[in-house]
Amino acid sequence: MRRTHCTLLLALILTGVAAAQDDFGDRMAAISDLCRAGDHEAAVAAWAALAETREDMDEKFNALSQAARCARLHLHSEKRALELCDLLEDETYRLGCRAVAYQWMTSPAKVLEDLGEADMLLWPEKLAATGFMVRAQAHYREGHGQKAVDDFVRAYQFSSGQPKWAAIQRLGDTFRNLMDDEILAEACYRKAMAVGGMGWPGLQARVNLGNMLIDQKRYDAALQVFSVRPQGSWRVRMLLGAARAHRAADANDKAVTALEEALQNPSIQPAQKKQAEDMLTEIKGGK
């Protein structure tokens with residue numbers, strides 16, 4: 001039944017694609033419904049067909065980048081996603097679309113081969129934000145510290161909202177892991193915590209900073225960082241961090257309390273559960 005509904009919807013979309021020029025947003029939304037319904041092949045085909053009818057380059061990009069995203073995430077084909085991007089004749093938009101697909105990169109070296117020399121400062125702001133972030137992550141994975149710093153800074157400048165704070169968080173990782181500068185790493189993490197709040201960038205920065213502070217033997221500061229209690233598995237991550245800090249400070253009773261609370265959380269993930277159980281075993285002398 002669902003397949004029949006999706007096929008009819010696709011037929012309606014393709015039939016009307018060449019008609020009115022003022023309903024692009026409605027057509028994009030209708031195709032998104034196809035994707036959400038699980039008919040990913042139909043959605044990719046519909047987005048590609050819609051792109052063919054548009055003269056406006058931003059509209060072509062929006063349609064094909066959504067098709068590429070769907071192909072990469074749901075059809076699990078980076079090759080297909082990149083082929084869709086290559087339907088864009090304008091080189092800036094073509095590479096910008098490839099940057100969208102490369103958010104789930106399989107090879108950082110391939111990303112750098114494609115985007116390494118691109119002058120993204122000349123790109124439209126939205127494309128540049130994604131491009132700089134993707135290239136920065138590729139440089140990070142390849143161990144290119146300074147180049148990763150440069151691109152994460154640009155990603156921060158061009159982005160807004162969560163991606164902006166994610167760039168600051170990743171900049172902290174770069175300073176810590178590739179540039180041997182824990183002072184700047186801490187500054188970036190604390191900035192991401194302040195502006196990212198309970199979103200992913202703020203919470204990830206909190207976890208990474210807390211672990212760094214434990215390594216520095218700044219246990220009270222680490223416990224302060226881990227003191228927030230968000231919902232879900234992030235709450236478990238904070239409790240595990242607090243347990244590590246307590247244990248490093250020889251406060252095993254407090255570590256056990258945090259671990260037992262983590263184990264009682266219904267959102268605990270299998271890897272987290274194993275980590276908590278292993279720590280309890282070690283504390284109680286079983287190892």
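The numbers here are math on the coordinates, done by the rules we state, and not lab data. The structure presented is a predicted model; accordingly, all values stated were derived computationally and were not measured. Positions of Cβ are backbone-derived with ideal geometry, glycine not excepted, and every protein chain shown enters the neighbour counts.
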(request) Kindly provide log₁₀ I(q)/I(0) values, in the same order as q = 0.16, 0.24 Å⁻¹, from the Debye equation applied to equal alpha-carbon scatterers of segment 120-197. (result) -0.50, -1.03
(message) Students often forget the sequence filter, so: which lysines lie under 19 Å Cα-Cα from Lys217 once same-chain residues fewer than 8 apart are removed?
(response) Lys254
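Place the peptides 67-80, 210-223 in order of packing, highest mean first, counting for every residue the other Cβ atoms within 10 Å and averaging per peptide.
Numbers: 67-80: 19.4, 210-223: 17.9.
Per-residue Cβ counts within 10 Å, averaged per peptide and sorted highest first, yield 67-80, 210-223.
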(request) Write down the radius of gyration of the chain and its Dmax, each obtained from C-alpha positions, in Å. (result) 23.0, 73
(request) Name the shape class, rounded, prolate or oblate, that the alpha-carbon gyration tensor gives for segment 160-251, where a ≥ b ≥ c are the square roots of its eigenvalues, rounded holds for a/c under 1.5, and otherwise prolate holds if a/b is larger than b/c and oblate otherwise. (result) oblate
(message) Quick check: the angle from helix 182-196's long axis to the longest principal axis of the chain, C-alpha only, nearest 10 degrees?
(response) 60 degrees
(message) Report the gain in length on full extension from Glu113 to Ala194: 0.36 nm times residue separation, minus Cα-Cα distance, nm rounded to one decimal.
(response) 25.6 nm
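In percent, how large is the relative contact order of the chain, given Cα pairs closer than 8 Å and 6 or more residues apart?
On the way: 391 pairs, mean separation 21.1, N = 287.
Dividing the mean separation by the residue count of the chain yields 7 percent.
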(request) With everything on Cα atoms, drop me the angle between helix 125-142 and the longest principal axis of the chain, reported from 0 to 90° to the nearest 10. (result) 50 degrees
(message) To make sure I understand, if each residue's beta carbon is the centre and we count other beta carbons within 10 Å, what order do Val111, Val256 fall in, fewest to most?
(response) Val256, Val111
(request) Using a 10 angstrom cutoff on alpha carbons, build the Gaussian network for the chain and name the most mobile of Gly197, Gly145, Gly232. (result) Gly232
(message) Residue by residue through segment 52-62, what is 3J(HN,Hα) from phi via Karplus (6.51 cos²θ - 1.76 cosθ + 1.60, θ = phi - 60°)? Round to whole Hz and write x for glycine and proline.
(response) 4, 8, 9, 9, 5, 5, 5, 5, 4, 4, 4
(request) Using Cα positions and a limit of under 27 Å, work out the lysines in reach of Lys60, with same-chain residues fewer than 8 apart set aside. (result) Lys79, Lys110, Lys126, Lys164
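Any idea what the dipole of the chain comes to, in debye rounded to 20, about its Cα centre with Lys/Arg Cβ at +1 and Asp/Glu Cβ at -1?
Numbers: 36 positive and 39 negative charges, 270 e Å.
The calculation lands at about 1300 debye.
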(request) Would you list the P(r) distribution for segment 203-249, with all Cα-Cα distances sorted into 10 Å bins from 0 and each bin expressed as a whole %? (result) 34, 57, 9
(request) Place the peptides 272-281, 165-174, 184-193 in order of packing, highest mean first, counting for every residue the other Cβ atoms within 10 Å and averaging per peptide. (result) 165-174, 184-193, 272-281
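Can you tell me which of 92-99, 38-45, 119-126 comes out highest on packing, and rank the rest after it, using the mean Cβ neighbours within 10 Å?
Highest mean packing first, the order is 92-99, 38-45, 119-126.
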(message) On C-alpha positions alone, give me the angle between the axis of helix 2-16 and the longest principal axis of the chain, in degrees, nearest 10.
(response) 50 degrees
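Averaged over all directions, how much area does the convex hull of the C-alpha atoms of segment 217-287 cover when projected, in nm²? Kindly include the intermediate steps, with their values, before the conclusion.
On the way: hull surface 17.6 nm².
About 4.4 nm², averaged over all directions.
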